[in-house]
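**Student:** Below you'll find the structure I mean.
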Amino acid sequence: MPSTATRTLAPDANGIAQAAAILARGGLVALPTETVYGLGADARQGRAVARIFEAKGRPRFNPLIVHVDSAETARRYVAWPAQAEALATAFWPGPLTLVLPLRDDAGLSPLVTAGLDTLAIRVPAHPLARRLLAAFGGPVAAPSANPSGRISPTTAAHVLAGLSGRIEAVLDGGPCPVGVESTIVGLSGTPVLLRPGGLPAEAIEAALGTPLAAPGGDETAPDEAAPTAPGQLASHYAPAATLRLEAHAPRAGEVYLGFGSGACDLNLSDTGDLTEAAANLFGHLHQLDAGGARAIAVAPIPHHGLGRAINDRLARAAAPRG
């Protein structure tokens with residue numbers, strides 16, 4: 001694709017105005033959210049959305065998340081059952097994406113949904129993202145702002161390392177506080193956990209008063225060739241180095257990514273705090289990659305709360321790569 005000069009925009013009124021203008025004319029802007037940086041385009045402009053796939057090298061069968069400024073706005077694009085109202089009231093703005101039936105009059109590019117009859121949509125909590133959405137005044141399609149399959153970006157520097165010259169601008173909002181992508185819940189039928197993420201599934205189940213089904217039922221078979229939500233590809237979030245998981249100690253030639261007490265090269269959380277570990281995950285993988293690590297051993301992570309999201313990302317990062 002043709003190279004373009006990528007600007008870094010300040011987190012002020014002028015930077016927001018420039019970012020909104022770029023989106024309005026069909027350009028690409030990386031923006032901070034509380035989870036990771038997203039690569040934003042006007043979800044109504046087909047050519048702009050196509051540029052997201054081009055810049056990232058993302059398969060076009062992989063749907064995108066649309067970001068809006070409120071639940072009221074979300075209802076313009078999707079059907080809105082009572083369960084959606086309950087979850088939006090409890091957790092929006094925040095790191096939760098809902099997959100809901102697409103309205104016939106939504107007016108979004110078909111590329112956003114990869115031809116599906118559902119839409120992934122959320123209201124981000126990051127104040128800078130919210131100010132940009134308000135200034136732009138429209139829906140923004142925004143997958144993670146990184147080359148497809150690679151480590152997700154949690155700083156503007158991470159974005160520039162992967163996409164400089166491919167996008168118009170990055171709006172620099174500092175480090176992302178949550179550090180892993182949003183939790184995705186499908187609400188086209190029985191509530192189903194499509195992707196663990198920055199909101200623990202246990203909190204969602206408590207708000208719904210019912211357990212979340214696992215993907216793989218009639219509604220949401222997680223087919224690598226036809227994903228029903230973002231983040232379902234088997235190989236994803238990968239550093240250049242190979243990963244070995246559930247490692248209690250490194251082997252020769254490996255650097256050790258620790259969790260909890262004990263010797264390691266870099267620690268996700270020396271106190272065993274899963275919130276801190278999630279916030280550090282992608283940044284630490286970027287740091288080890290930049291340091292030239294060729295093999296990374298990763299300490300065991302508890303599989304509850306945010307640990308489910310961390311383990312999901314690690315498993316995909318460690319998967320065989322096409």
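**Student:** Please report the carbon-and-sulfur percent of the accessible area for the stretch 130-188; probe 1.4 Å, protein heavy atoms only, DNA, RNA and ligands left out.
**Tutor:** 51
**Student:** Scan the chain and note any complete DSSP helix (H) whose C-alpha atoms cover at least 15 Å along its axis and whose Kyte-Doolittle average is 0.5 or more.
**Tutor:** 13-24
**Student:** Counting Lys and Arg as +1 and Asp and Glu as -1, what is the net charge of the other residues whose Cβ lies under 9 Å from the Cβ of E181?
**Tutor:** Residues near E181 contribute +2 overall.
**Student:** Of the listed peptides 305-312, 137-144, what is their order by residue-averaged count of other C-beta atoms within 10 Å, with the highest listed first?
**Tutor:** Details: 305-312: 21.8, 137-144: 23.4.
Taking the mean over residues of other Cβ atoms within 10 Å, the ranking is 137-144, 305-312.
**Student:** Accessible area of the stretch 1-99 with a 1.4 Å probe: how many percent of it is carbon plus sulfur?
**Tutor:** 53
**Student:** I would also like to ask the following. Counting Lys and Arg as +1 and Asp and Glu as -1, what is the net charge of the other residues whose Cβ lies under 11 Å from the Cβ of N280?
**Tutor:** Counting the neighbours of N280, the net charge comes to -3.
**Student:** If you count only protein heavy atoms with a 1.4 Å probe, what accessible area per residue comes out for the chain, rounded to a whole Å²?
**Tutor:** Result: 39 Å² of accessible area for each residue.
**Student:** Another question, if that's okay. Of the labelled options (i) 19.8, 65; (ii) 18.6, 58; (iii) 18.3, 53, which one gives Rg and Dmax of the Cα atoms in Å as computed for this structure?
**Tutor:** Checked against the structure: label (ii).
**Student:** Taking the Cβ of P139 as the center, what net charge do the other residues with Cβ under 10 Å away carry, scoring Lys and Arg +1 and Asp and Glu -1?
**Tutor:** Neighbour charge sum, excluding P139 itself: 0.
The values are calculated or read from the model by the stated rules, or taken from the named source; none is laboratory data. All figures in this text were calculated on a predicted structure; none of them were measured in a lab. Glycine also receives a Cβ, built like all others from the backbone with ideal geometry; neighbour counts cover every protein chain displayed. Areas reflect the complete protein model, heavy atoms only, side chains present, ligands, DNA and RNA absent. Shrake-Rupley method; radii C 1.70, N 1.55, O 1.52, S 1.80 Å.
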